[in-house]
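Values quoted throughout were computed directly from the atomic coordinates according to the rules given, and no laboratory measurement underlies them. Just so it is clear, the model here is predicted, and its values are computed rather than measured. Glycine gets a Cβ as well: all are built from the backbone with ideal geometry, and neighbour counts include every protein chain shown.
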Amino acid sequence: MIDIHTHILPDIDDGASGLAEAESLLRAEAEQGVHEIVLTPHYYGKRTVGQFLYLRMQALERIRDFVPQGVKLRLGAEVFLKGINDPPDDALCALCIEGTKCVLVELPYFGRWSSMLFSRLNEFISETGYTPIVAHVERYEETLQNPATVSALIEMGCLIQLNTCAFTTKETKRFAFALMRNGMVHCLGTDAHNPKERAPDYQKAQRAVEEAGLSKEWEDLKNTTRDLLSGKLPQRTQVKIRKFGKRYF
Ligand SMILES: [Fe+2]
C-alpha cells in the first residue's frame, strides 16, 4: 500500500508532535501494510518555500532512524489554495511530490469555491504541465453539496485523493463509494496526524471497500497510485467521467 497524504514529520505542522508520535505513526503505517509513505506537511504560505523545504529536511533527518524496514519515504507537501494570494507557479512546483510532477493541494473547506480558484488551478496546469492532486475530496462543502464539481476537477486535469476514513465515516461513505464506483478516485491517503485520534486506518478502509464489493476497484487504485508516483499519470480520456450528480447517492 502507498499512503500519499500524511503529517508524520514531527513538529512542522499540526501533525506528529515530537519524535515519539512520529515513530508511533511510522510503526502503525508498517503494521497496516503501507510500504511507501509520502510526507505531506501543510504549506499555508506563512513561510517562504525555502524556509519550508529547510524545516522539512530537518524533520526528515530526525525520523530517519525510526523508519521501519521495508518502508520507503518520499517528500511532499499539502499546499492550501484558495484562488487569491496563492503561491506562484514556481513555488507550487517546488512543493511537488518528490520524483513526480504532482502537487497535493488542499482547497477551502466551507462555502462555494470561487471562479478564481478554478482559474488558478487551470492556469497552473496549462502553464507548468504539473498536476494538482486534490486532497481529501470528501471533506469539502463544495464537493459534498455539488458532486459534479469532482467531474469538473477531473476534466480540468486534476487527480482526486480520498482519505481512507471516507469509506468508514457515516457522513462521507456513500459519496466515497460512489466516486470509487465511477472511477473518479486516483489515490488514497490516511491523512494521519497523531496516533490517537488520526492514526493510519488502511485496513479498516480496505475491509469496508471489499464489503461494498469494490475489491477490483481497490486493486486498480493501488496500481494507479503506484503509476503516478513513478511518473505515469492516468490518461484524462481514460478516466471514466459521468455527470456525477446527487442522483448517484
Ligand atoms: Fe492533510
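Each residue in region 119-139 was checked for being part of a loop (DSSP other than H, G, I, E, B) and either away from the ligand (no atom under 13 Å from the Cβ) or among the acidic types (Asp, Glu) (or both), and 2 of them qualify.
All conditions but one from (1) away from the ligand (no atom under 16 Å from the Cβ); (2) surrounded by fewer than 24 Cβ atoms within 10 Å (Cβ to Cβ) apply to His193; the one that does not is (1). Here Asn122 meets each of (1) touching a residue at least 40 places away in the same chain (Cβ under 8 Å); (2) more than 26 Å from Met1 (Cβ to Cβ); (3) in contact with a helix residue (DSSP H, G or I) (Cβ under 8 Å, 6 or more places away or on another chain); (4) surrounded by fewer than 16 Cβ atoms within 10 Å (Cβ to Cβ) with one exception, condition (1). Listed conditions (1) within 16 Å of the ligand (Cβ to nearest atom); (2) among the hydrophobic types (A, V, I, L, M, F, W, C); (3) part of a helix (DSSP H, G or I) are all met by Met116, apart from (1). The residue of region 1-29 that is nearest to the ligand (Cβ to nearest atom), among those that are within 21 Å of Asp227 (Cα to Cα) and hydrophobic (A, V, I, L, M, F, W, C), is Ile4.
May I ask you to verify whether Asp11 is surrounded by 24 or more Cβ atoms within 10 Å (Cβ to Cβ), in contact with a Ser or Thr (Cβ under 7 Å, 6 or more places away or on another chain), acidic (Asp, Glu) and under 25 Å from Val79 (Cβ atoms)? So Asp11 fails the test. On the given criteria, is Ala59 within 16 Å of the ligand (Cβ to nearest atom), on the phi < 0 side of the Ramachandran plot and not basic (Lys, Arg)? So Ala59 passes the test. Take the residues of region 98-119 that are of a type in the set (A, V, I, L, M) and within 17 Å of the chain's Cα centre (by Cα): which is surrounded by the fewest Cβ atoms within 10 Å (Cβ to Cβ)? The qualifying residue surrounded by the fewest Cβ atoms within 10 Å (Cβ to Cβ) is Leu107.
Filtering region 12-33 to residues that are farther than 24 Å from Lys46 by Cβ and of a type in the set (Gly, Ala, Ser) leaves Ala20, Ser24, Ala28, Ala30, Gly33.
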